[in-house]
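The values are calculated or read from the model by the stated rules, or taken from the named source; none is laboratory data. Given the structure is predicted, the values throughout are model-derived calculations rather than measurements. Glycine also receives a Cβ, built like all others from the backbone with ideal geometry; neighbour counts cover every protein chain displayed.
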Amino acid sequence: MEQTYDLRYPTLNDIVFENRNKQYGAYDLRQRYSRHTERALWLGILLFAAGLTAPTVYDRLKPAEDPQQYMNEVILEDLKLQQPEEPPVVLPPVQQPVVQVPTTRYLPPEVLADAPEEVVVPTTDDLEKTTPSDKTVEGDPNAGDVIEAPNETAGPAPVEKNIDVKPKEDEVFIGVEQQPMFPGGMSKFAEFLERNLKYPPAASRAGISGKVFVQFIVNTDGSIVEATVIKGIGFGCDEEALRVIQKMPKWQPGKQAGRPVRVRYNLPIVFQME
């Protein structure tokens with residue numbers, strides 16, 4: 001009896017499942033794993049390609065739309081705005097007050113067979129003040145007067161111009177017509193700082209440099225008051241800037257409307273190492 005030999009090289013599955021129950025199911029799954037993986041790979045590639053080409057295919061199959069169908073030129077002159085008709089306003093008639101004119105009974109003379117016993121005949125003075133009528137009525141004696149409108153209507157009183165408004169003595173200005181100035185100008189102020197400003201040792205050791213902004217008020221006589229540091233750099237520079245500001249001579253005061261006024265002034269003091 002001839003013996004048959006399997007000349008195939010054993011696979012990993014054959015080695016793992018040798019002498020084991022291959023009908024359990026795990027062996028069959030391992031056998032089909034490569035085919036399932038290959039199918040899943042190709043299916044993923046197809047789905048990815050379909051997702052990329054779908055917008056292009058849709059744009060080609062979709063009918064082209066005319067952009068003019070969404071545009072419609074409208075001229076405002078062609079539009080007729082229909083406003084609701086408002087009913088006319090009917091004003092009630094103005095009733096003028098009736099003023100009774102004073103009258104005096106004065107009838108033309110008639111020849112009567114039997115004359116009344118009491119007949120009052122008006123005098124000339126009575127007829128000058130009243131109007132003749134068939135009966136006597138006491139009315140308003142000024143009813144017949146005509147009120148005439150004045151020829152000119154008085155307007156408002158004229159406003160005086162060029163009024164010299166005096167500023168308050170204690171009022172502090174920020175912007176004035178003529179700003180205060182250091183005696184001799186800013187060039188003299190720079191020379192004053194060069195002679196009097198001293199670099200603080202703490203700032204010199206720490207290598208500190210910058211600007212210290214000082215605010216003060218120039219009085220009407222040019223004196224400097226209320227000097228404060230509004231922005232400093234520390235290390236003794238703020239105190240040195242205040243010392244120099246308070247040591248300054250009197251300035252030329254600022255003027256408003258030709259009069260000296262108090263002005264609030266901001267000034268930077270520069271500390272720079274040589």
Across segment 166-192, what is the number of residues that are farther than 30 Å from Ala257 by Cα and either of a type in the set (S, T, N, Q) or surrounded by 15 or more Cβ atoms within 10 Å (Cβ to Cβ) (or both)?
1
For segment 199-274, please list each of the strands (runs of 3 or more DSSP E) lying entirely inside it that holds at least 2 residues being touching a helix residue (DSSP H, G or I) at 6+ places or on another chain (Cβ under 8 Å) and of a type in the set (A, V, I, L, M).
210-218, 224-231, 259-271
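Residue by residue, here is whether (1) hydrophobic (A, V, I, L, M, F, W, C); (2) at pLDDT 90 or above; (3) over 22 Å from Glu274 (Cβ atoms) holds:
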{"site": "Val159", "(1), (2), (3)": "yes, no, yes"}
{"site": "Asp164", "(1), (2), (3)": "no, no, yes"}
{"site": "Gly175", "(1), (2), (3)": "no, no, yes"}
{"site": "Phe192", "(1), (2), (3)": "yes, yes, no"}
{"site": "Ser223", "(1), (2), (3)": "no, yes, yes"}
{"site": "Ala241", "(1), (2), (3)": "yes, yes, no"}
{"site": "Pro253", "(1), (2), (3)": "no, yes, yes"}
